[in-house]
Amino acid sequence: MLREICMSESLELYNVNIERTILKSIIFDPELLATARSKLTKSSFYLPAHQLFFEAMCHLSNSNQAYDEVFIKKHLKGKFDENSMLEVLSANPIYNPTPYIETAQEYEQRRELLKLSNSIREKLIAGESPDNILQSMGGSAKNISDINSAGYKLQSITDVKEEKREFIFKNWLPMPVGTVSMLPAPGGVGKTWVLIQAAIRYAIEYPDKQSALWLTEDPASETMMRARAICEHVYRVDFNKLTNFKIFSDDDVPPKLIRNGGFLEGNFHKLRKSLRGYGFVGLDPIAGFYGGKENDNSEANLFMYPLKRWALEDKINITLLHHSAAEVRAGNRSGSRGATAFVDGCRAVYDVRRIYLDAQNTQLDPTQSSKREFFLTKDNYGVIKFLHNNRIRLEITPPTTAKEIEVSYENITTNSSIEMPIIK
């Protein structure tokens, strides 16, 4: 059936007259080449002769030479098609070729889509898995879409509709809706406990919505036991009623979104599709989903941008856990490890820290083992108005399950000040 549709005479893949008109218009008015070459490429033309003519025009323009039929013939030499040029010259030029250019782009998209569909068919016949095919076609689909991408839309500032910013966890750890948030901390501080508690809070506060966590470093059974302990000893709620709090199975392998400097569209769309309809999403840690170079800002931007668009378009909050290199000292903007683009892509960042007896952070407070301090180190949308302070303490684990840990730091220079940086 697919082959019959593709081979049908009703499927138009090019229009010779449109191609001739574009080329003649450029020859007639050389200034039109700048407009044409900003939207068209050699492959935008179907006939080989037309491809060569357009390519020659661009080359001659780059060399500051005239690009009429005389110079095109001289440039192409033995490749010049006399009959095709006569047909181009016989076409009627137009002063505004934009509609013709857009139509040529549409035909190019049709041809590329047909090539892609044939490639998919061949891979299916060869027995390739659907996931591999979807992964391989992600970039191709984007390239085809970019051929005729619409321009950007502008609007008057006075026409913008006011939308009040929504927040979740206003009385606990406020986070803006429609954004990505982050909780950086060293390993073992307890940030996963915080994320589990957040998912439980969301499930309780919004019983008609759903929360989901993908904790890549812990088995599902461990997450379940922690969630049950929080329900019983912190919130005093029935654990069995948390049916709107979901976690991923141990059998699922977390998708890497960056590979060899490129963004894996297929993996991202599979992740987003799996979490469609969830209002709060927690991913632990960033490294479990990233796949790129930790200190590479360009790759980190590729990773963060789709997450930001996802949160904005679906009006949800996505919270990421991230490792910091060591216990954060006073004066640090954030303890987030690696590329700064991770923090830049978030609208709220809370550094999670243990509670110490001394300003040098050398002696843990054994009476505060179930609590952590949260330092608001980034606040773009004003969560500070709910906190009234950029530094708060919260109980993250049941006191009965908290472990008292003795930690000794050797050869570490500490800052005696415990003042927080100013939030801007």
Selection within the stretch 88-135 - free of Cβ contacts under 8 Å to residues at least 40 places away in the same chain, over 27 Å from Ala49 (Cβ atoms), among the hydrophobic types (A, V, I, L, M, F, W, C) and surrounded by 13 or more Cβ atoms within 10 Å (Cβ to Cβ):
Ile120, Ile133
Scanning for something under 15 Å from Leu257 (Cβ atoms), assigned to a helix (DSSP H, G or I) and aliphatic (A, V, I, L, M), does the stretch 313-322 turn up at least one residue?
no
Out of (1) at positive phi; (2) surrounded by 24 or more Cβ atoms within 10 Å (Cβ to Cβ), the odd one out for Gly277 is which?
(2)
Applying the selection to the stretch 23-40, what residues are in a loop (DSSP other than H, G, I, E, B) and either touching a residue at least 12 places away in the same chain (Cβ under 8 Å) or buried (at least 21 other Cβ atoms within 10 Å of the Cβ) (or both)?
Asp29, Pro30, Lys39, Leu40
Among the residues of the stretch 339-383, write down those that are modelled with pLDDT under 85 and crowded, with 19+ Cβ neighbours inside 10 Å.
Asn361
So, in the stretch 64-87, how many residues would count as being surrounded by fewer than 16 Cβ atoms within 10 Å (Cβ to Cβ) and part of a loop (DSSP other than H, G, I, E, B)?
4
Cys231 meets each of (1) surrounded by fewer than 21 Cβ atoms within 10 Å (Cβ to Cβ); (2) farther than 21 Å from Leu320 by Cβ with one exception, condition (1)
Just to be sure I understand, how many residues within the stretch 262-279 are outside any helix (DSSP H, G or I) and either within 15 Å of the chain's Cα centre (by Cα) or within 20 Å of Asp344 (Cβ to Cβ) (or both)?
4
Does Thr103 qualify as being β-branched (Val, Ile, Thr), more than 27 Å from the chain's Cα centre (by Cα), modelled with pLDDT of 90 or more and outside the structural domain of Tyr202 (by TED's automatic domain parsing)?
yes
Could you check the stretch 158-194 and list, in sequence order, the residues that are surrounded by 13 or more Cβ atoms within 10 Å (Cβ to Cβ) and assigned to a helix (DSSP H, G or I)?
Lys191, Thr192, Trp193, Val194
Can you tell me how many residues within the stretch 182-221 are in contact with a Lys or Arg (Cβ under 9 Å, 6 or more places away or on another chain) and acidic (Asp, Glu)?
1
Every residue from the stretch 280-320 that is of a type in the set (S, T, N, Q) and either under 29 Å from Lys209 (Cα atoms) or under 11 Å from the mean Cα position of the chain (by Cα) (or both)
Asn301, Asn317, Thr319
Here is a check on your reading of the model: is Leu257 among the aliphatic types (A, V, I, L, M), at pLDDT below 95 and surrounded by 15 or more Cβ atoms within 10 Å (Cβ to Cβ)?
yes
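The values are calculated or read from the model by the stated rules, or taken from the named source; none is laboratory data. Predicted model only: the values in this text are computed from it and were never measured. All Cβ positions, glycine included, derive from the backbone under ideal geometry; neighbour counts span all protein chains shown.
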